[in-house]
Amino acid sequence: MSRRSIVPFGPQHPVLPEPIHLDLVLEDERVVEAIPSIGFVHRGLEKLVEKREYTEYVYVAERICGICSFQHGSGYCQAVEAIMNVEIPPRAEFLRTIWAELSRMHSHLLWLGLLADAFGFESLFMQCWRLRERVLDIFEMTTGGRVIFSVCKVGGVRRDISSDDMKRIITVLDTIVADLKDFERVFFDNNTVKSRLCGVGVLSKEKILELGAVGPVARGSGIKLDMRKLGYAAYDKIPQVEPIIETAGDCYARCLVRLRELYQSVEIIKAAASTMPEGEISVKVTGNPNGEFFSRVEQPRGEASYYVRGNGTKFLERFRVRTPTFANLGALLATLPGCDLADVPMLVLTIDPCISCTER
Amino acid sequence: MGFAEFTKTAVRNLFSKPATKNYPKVKKEFFENARGHVIFDETDCIYCSLCARKCPADAIKVDRNAKTWSIVRAGCVQCSNCVDACPKKCLSMGPEYTPVMTEKGCETYARVPDNTEDN
Amino acid sequence: MSFIKKSPWIIHYDGTSCNGCDIETLACLTPLYDVERLGVVNTGNPKHADILLVTGSVNEQSAPVLWQIYNQMANPKVVVAIGICALSGGVFKECYNVKGGVDTVLPVDVYVPGCAARPEAIIDGVAKACEILQQKLDHEREKKRTRKAVKNNG
């Protein structure tokens with residue numbers, strides 16, 4: 001007869017980058033149930049929309065999360081622009097696409113590093129984060145910020161990328177790809193890595209559909225779900241946007257999806273850079289939003305949807321964001337029962353949790 | 001099944017230049033248009049307080065009668081929205097960050113040049 | 001390194017940060033900045049740590065957690081607030097669930113401004129914290145010495 005015990009996990013825990021609390025009900029070393037409790041990062045920024053002008057709220061929306069900050073900003077701007085029938089210049093659309101894909105790269109490199117750390121491969125973690133710094137340098141060069149960019153605004157973008165800078169970015173991306181090629185085999189066929197990832201946390205296609213998971217978690221189980229196919233920003237003008245899918249549905253598949261998306265992002269940025277038209281980067285926006293809109297964007301972690309309702313004043317009435325981690329938490333709780341306690345950090349990581357997004 | 005895939009990367013790292021920036025000894029080089037801190041140039045300022053109204057973090061205070069412009073450095077989020085909003089272009093962004101502080105203060109710039117005080 | 005005399009061990013707690021300062025703190029440990037060359041070790045155990053790094057503002061639920069971590073740390077200890085949210089609440093200070101900066105809950109010794117704070121700024125902050133740690137240590141030794149002297153004389 002095995003004994004039941006409850007292990008509290010978090011909010012401050014060495015392997016947890018972010019505060020979330022899980023009560024893990026164990027039978028010996030096996031998890032039978034996981035009860036999450038959240039609220040450590042809840043700020044209540046949706047309510048703030050009533051106190052900030054809709055043009056300033058972009059800077060608050062960006063700070064929902066520091067990892068996918070650009071997509072939060074652009075998702076909000078898209079919604080407001082749709083309400084106000086603002087057509088943003090094509091160059092701004094392409095610039096948004098480029099920055100969005102660069103953030104995807106930075107987020108995926110960060111995640112690959114954290115995953116390597118979770119399965120105990122310290123030097124791989126360091127290597128991934130070292131590559132990531134080059135992406136951050138691109139950000140600082142083009143936007144002025146390393147993490148929070150503040151370049152998106154209602155009606156376009158605030159900064160342009162010159163053709164010289166664009167060339168420099170492409171060369172940096174080429175070096176990143178070359179370096180990534182060197183150690184991608186560690187993720188692809190190293191024995192130790194495979195033994196930690198293969199067959200762990202398996203989620204079938206049916207289970208994913210039932211739980212409503214999004215992003216790489218869904219794509220790792222063979223579901224073609226990618227909001228970029230909606231063709232927002234300039235994604236409709238780039239042919240390389242095809243969802244990358246794996247069918248195994250385990251941690252390994254989710255890892256491969258993200259690794260292959262890195263290469264895809266480089267392709268998309270290159271395609272966008274070569275077809276980017278010249279011209280204005282923003283239009284003047286006058287008046288106040290009146291109406292409501294749902295906008296959906298594909299973040300590094302999956303689909304995020306933004307609901308914006310304006311009432312004709314400069315203060316919006318309601319802003320709601322459904323972030324990908326919120327959708328994926330169900331998938332996480334489904335994978336935890338039956339796993340070993342030692343696998344918990346890794347399972348938590350493979351959905352790429354972003355708690356500050358989830359709790360807003 | 002693979003074996004020793006990381007060796008190539010490890011060996012190359014062993015013989016290449018260190019990636020680490022020797023930060024405190026070697027000064028950081030900033031990118032030209034990095035957003036670090038707001039610089040205020042009082043010569044053209046008309047104290048319209050547009051920057052204060054546009055600040056999402058309410059870090060800027062402008063007193064039109066006393067002709068003072070003040071910023072709480074500990075509250076500024078470096079979004080450079082005030083720089084865009086300024087009609088007289090007397091605000092700009094410097095690439096360096098505000099240095100670390102041991103107490104939070106409010107920096108006030110008064111109209112009379114020789115009366116400028118940094119609190 | 002001459003500017004850091006001790007090897008300070010740090011513990012990091014993420015308050016209600018947006019992750020921005022959080023990943024920048026983590027980036028300090030990675031090859032490009034590598035604070036371990038300065039003797040700074042990131043530990044998960046509050047009893048081992050000298051310096052508490054806090055990113056993000058504080059809300060009702062994270063305030064007691066922060067207190068618990070702070071109380072477990074051995075004396076002398078230094079608290080470093082990283083990022084504008086930890087300093088004053090930043091853009092979120094008017095949110096209903098944000099209490100404000102870390103100094104509403106804990107005595108903060110060093111403030112590292114920036115949104116998000118750059119790794120260089122965080123290194124500067126830790127260096128400053130080391131100075132303050134040394135001062136606190138000296139102060140405590142001085143107090144002990146005078147107490148001993150008073151005892152011997154009395």
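The values are calculated or read from the model by the stated rules, or taken from the named source; none is laboratory data. Owing to the predicted nature of the structure, the values given are computational and were not obtained by experimental measurement. With ideal geometry, Cβ positions are generated from the backbone for all residues, glycine too; neighbour counts draw on all protein chains shown. The protein model used for the area step is the full one, side chains on, heavy atoms only, and it has no ligands, DNA or RNA in it. Shrake-Rupley method; radii C 1.70, N 1.55, O 1.52, S 1.80 Å.
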Which value, in Å² and to the nearest 10, is the accessible area of C:Lys128 when all protein chains are kept and the probe is 1.4 Å?
60
Keeping all protein chains in place, calculate the accessible area per residue for the range A:1-157 (probe 1.4 angstrom), answer in Å².
27
Global geometry of chain A, whether rounded, prolate or oblate, following the gyration tensor of its Cα atoms and the 1.5 cut on a/c:
oblate
Accessible area of A:Lys153, 1.4 Å probe, to the nearest 10 Å²?
70
C-alpha long axis of helix C:119-153 to longest principal axis of chain C, angle in °
30
If I model a spin label at B:Lys89 and A:Thr171 as a point 7 Å from the Cα along the Cα→Cβ vector, what separation in nanometres do I get?
3.1
Cross-link table A:Lys153/A:Lys314; A:Lys167/B:Lys89; A:Lys167/B:Lys8, entries beyond 25 Å C-alpha to C-alpha:
A:Lys167/B:Lys89; A:Lys167/B:Lys8
What is chain C by shape, rounded, prolate or oblate, if you read a ≥ b ≥ c off the alpha carbon gyration tensor as root eigenvalues and call it rounded for a/c under 1.5, prolate for a/b larger than b/c, and oblate otherwise?
oblate
To the nearest 500 deg cm²/dmol, what mean residue ellipticity at 222 nm is calculated for the protein assembly as shown from DSSP H runs of n ≥ 4 alone, each contributing -39,500 (n - 2.57), summed and divided by the residues?
-12000 deg cm²/dmol
Just read off the accessible area of A:His106 with the full protein assembly in place, 1.4 Å probe, to the nearest 10 Å².
0
Straight distance only, please: which aspartates and glutamates reach the Cα of A:Lys51 with their own Cα at less than 13 Å, same-chain residues fewer than 8 apart left out?
A:Glu317, B:Asp58, C:Glu94
Where Lys and Arg each count +1 and Asp and Glu each count -1, what net charge lies around C:Thr30 among other residues with Cβ under 13 Å from its Cβ?
-1
Could you tell me the number of lysine pairs in the range C:9-153 with C-alpha atoms less than 15 Å from each other, where the two lysines are 8 or more residues apart or belong to different chains?
6
Partner aspartates and glutamates whose C-alpha sits under 19 Å from that of A:Lys207, ignoring same-chain residues fewer than 8 away, are A:Glu33, A:Asp226, A:Glu246, A:Asp250, A:Glu303, A:Asp352
